[in-house]
Structure formats: C-alpha cells, structure tokens
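Here the structure is laid out as structure tokens; the discussion comes afterwards.
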Amino acid sequence: MSMLPVEKTSTNIKSDSYDFAEECIPGKISNVDEPQNLFELYRILKALGDPVRLKLVSLILQSSNHEACLCNLNLSFNLSQPTLSHHLKILKDTKVLIKTKRANWSYFSVNPILMDLIVQMFDLDLS
C-alpha cells in the first residue's frame, strides 16, 4: 500500500511503517490506546466489514423496535439459511448483535452499548 509522502516536520508522528501528520490522526481514537481495546475494535470492524453482515445490521436498525426475527431476515437475502446463520453468529460473537429467544423464534437487535461506543470513538453525529 503506497501512501503520499508527508512533509517531515516536528508535528509528524512515526508509526512502524509510515509517517503521519499529527492533524491526520483523529483525537477520539486515542480512547482505544490499550492493545486489548484495539483488538476488540478490530474484531468488531472486521465483522462489520462484510457486505452481508453490514446489510444485516442495517436491516435490523431499520426494523420496528430495532429488532428483527431470523425468519424475516431470511427473506431479505438470496442466501441459504445456514450461510445467514453463520453471518449472524459472527455478529453475535463479536457482540454487535444481541440474540433473544421467544418460544421457537430468534430475534436479533443491535447492541446499543457497542453502537454508542463506536459513535463516541469516532465522534460521529448520527442525528
């Protein structure tokens, strides 16, 4: 991956591979300085980086009460049920989604604490 050269000044920050101008580094990311937090953030963003999983989260957020039944999610994809379940498991394992069982039905909702943390970390305005 090539990067445009950054003019060498006293405000540059040296990483292992690249020099970054200080103003290019968002201040909010400093909230995840600890390696464990960075690894968790990496896992979450990696899970959300798949188009199917990103669409799943989007559909759930657009559903009434920000919750969707597995049977309804199945209708929105041209995927087999095991493939869709695999994607949902990854989102559940990374705590992006919360699964609730009601009788024979599984409902999924987006973890509000996790979403709040991501919004705060990147200083996003979702209003």
Original post:
Does region 82-101 contain at least one residue that is part of a helix (DSSP H, G or I) and at pLDDT below 90?
Top reply: no
Subject >> Members of region 65-102 that are among the hydrophobic types (A, V, I, L, M, F, W, C) and touching a residue at least 40 places away in the same chain (Cβ under 8 Å) >> reply: Ala68, Ile90, Leu91, Val96, Leu97
**OP:** Within region 46-70, work out how many residues are out of contact with any strand residue (DSSP E or B) (no Cβ under 7 Å at 6 or more places or on another chain) and in a helix (DSSP H, G or I).
**Re:** 13
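The values are calculated or read from the model by the stated rules, or taken from the named source; none is laboratory data. Quantities reported herein were computed from a predicted structural model and do not represent experimental measurements. Virtual Cβ from ideal backbone geometry, glycine too; neighbours counted across all protein chains shown.
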